[in-house]
1. With the condition kept exactly as written, say whether any residue in the range 20-35 is exposed (fewer than 14 other Cβ atoms within 10 Å of the Cβ) and either in contact with a Phe, Trp or Tyr (Cβ under 8 Å, 6 or more places away or on another chain) or among the β-branched types (Val, Ile, Thr) (or both).
2. Take the conditions under 19 Å from the mean Cα position of the chain (by Cα) and closer than 18 Å to Ser75 by Cβ and apply them to Phe144. Does it pass?
3. On the basis of being surrounded by fewer than 17 Cβ atoms within 10 Å (Cβ to Cβ) and either farther than 15 Å from Phe245 by Cβ or hydroxyl-bearing (Ser, Thr, Tyr) (or both), does Arg91 make the cut?
4. Which residue out of Ile114, Ile173 is touching a helix residue (DSSP H, G or I) at 6+ places or on another chain (Cβ under 6 Å) and either surrounded by 22 or more Cβ atoms within 10 Å (Cβ to Cβ) or modelled with pLDDT of 95 or more (or both)?
5. Give me the residue from the range 152-204 that is among the hydrophobic types (A, V, I, L, M, F, W, C) and assigned to a strand (DSSP E or B) and, out of that set, nearest to Gln134 (Cα to Cα).
6. Within the range 81-98, does at least one residue satisfy the condition of being in a loop (DSSP other than H, G, I, E, B), among the small types (Gly, Ala, Ser) and either within 17 Å of the chain's Cα centre (by Cα) or at pLDDT 95 or above (or both)?
7. Would you check which residues across the range 46-70 are of a type outside the set (A, V, I, L, M, F, W, C) and either modelled with pLDDT under 95 or crowded, with 18+ Cβ neighbours inside 10 Å (or both) and list them?
8. Answer yes if at least one residue in the range 131-141 is closer than 30 Å to Gly244 by Cβ and either touching a residue at least 40 places away in the same chain (Cβ under 8 Å) or crowded, with 21+ Cβ neighbours inside 10 Å (or both), and no otherwise.
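The values are calculated or read from the model by the stated rules, or taken from the named source; none is laboratory data. Worth saying up front: this structure is predicted, and the values here are computed from it rather than measured. In this analysis, Cβ positions are derived from the backbone assuming ideal geometry, glycine residues included, and neighbour counts consider all displayed protein chains.
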Amino acid sequence: MSQSIDSTSNLENQIRLMIFVNGNRGPKFNKITTDNSLELNDRTGYWYHFDDTIINRFQPVKAIYFDGHHPVSSSMHRTNARFLKAYFFSRFCWFSRRSRWVLNTKFNEDGFKIRVANGKIAGQKFLTYLSENQLLDKSITVDFVNHSMGYAYSLGIIEIIKPYIKLGKFLAIAPESANYQGMDWNQFDEVWQYGSNMDQPNGDVIYFQDGIAPQTPLKNLDKLALDKGGRVFIPEEWGKSKKGFLRSHHLKWFQWFFLIKPSDKGYFTR
């Protein structure tokens with residue numbers, strides 16, 4: 001954690017850091033909870049090189065990684081049995097937009113709070129990292145990229161570090177329990193949420209919804225200035241065969257993110 005940052009040759013007028021926070025890493029790791037360690041690379045391979053593309057768009061920037069993985073017990077599913085039940089029943093909802101009872105949409109308040117609490121521990125480790133690298137007295141902008149459970153974890157980090165840094169841009173990919181807790185998003189330069197469309201009048205039928213983290217807007221996103229972000233839904237041209245309970249959530253199927261052009265709403269760059 002003591003690796004230094006070359007703030008003269010590697011960064012321009014101010015130091016810019018980007019924090020990546022992943023979500024649940026799959027059934028194999030379900031009995032494991034994050035150790036909240038700060039990493040300088042994607043040690044788990046979670047990001048499928050999405051991070052490389054985003055980092056390149058933000059150059060010069062330094063990437064920091066935290067593991068936001070928590071067991072299924074902390075999610076809206078609560079148990080693997082409830083997860084499998086929701087998956088099974090969603091297979092029969094080819095035409096219905098109203099059968100939301102099929103999906104596990106009730107917030108797991110205790111689980112969400114556990115993730116926020118661990119995020120606060122990560123926030124303290126981030127401040128230690130800044131201190132070790134003699135950066136606490138520098139002008140620092142921090143951008144956030146998070147997926148799924150990583151959303152709650154990011155809120156915890158932000159709560160700890162925001163007195164010491166400038167909040168840059170915030171990208172939430174398929175956030176879990178997005179509408180349970182939020183913040184004043186206008187403190188960021190931009191805020192974007194990417195995922196399936198469940199709550200709008202023209203939303204997809206249940207069969208094509210993100211069943212892992214049924215999508216609702218980030219809490220307080222409706223108070224964000226119109227020119228500072230919003231929501232971006234899976235585009236129609238992406239094709240129905242690439243949507244579904246798992247595919248509308250998993251990063252492996254989020255290549256549609258790269259269909260967004262620089263002139264489009266939601267293009268995420270410096």
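1. yes
2. So Phe144 fails the test.
3. no
4. On inspection, the qualifying residue turns out to be Ile114.
5. Leu167
6. no
7. Of everything in the range 46-70, those that are of a type outside the set (A, V, I, L, M, F, W, C) and either modelled with pLDDT under 95 or crowded, with 18+ Cβ neighbours inside 10 Å (or both) turn out to be Tyr46, Tyr48, His49, Asp51, Lys62, Tyr65, Asp67, Gly68, His69, His70.
8. Taking every residue of the range 131-141 in turn, none turns out to be closer than 30 Å to Gly244 by Cβ and either touching a residue at least 40 places away in the same chain (Cβ under 8 Å) or crowded, with 21+ Cβ neighbours inside 10 Å (or both).
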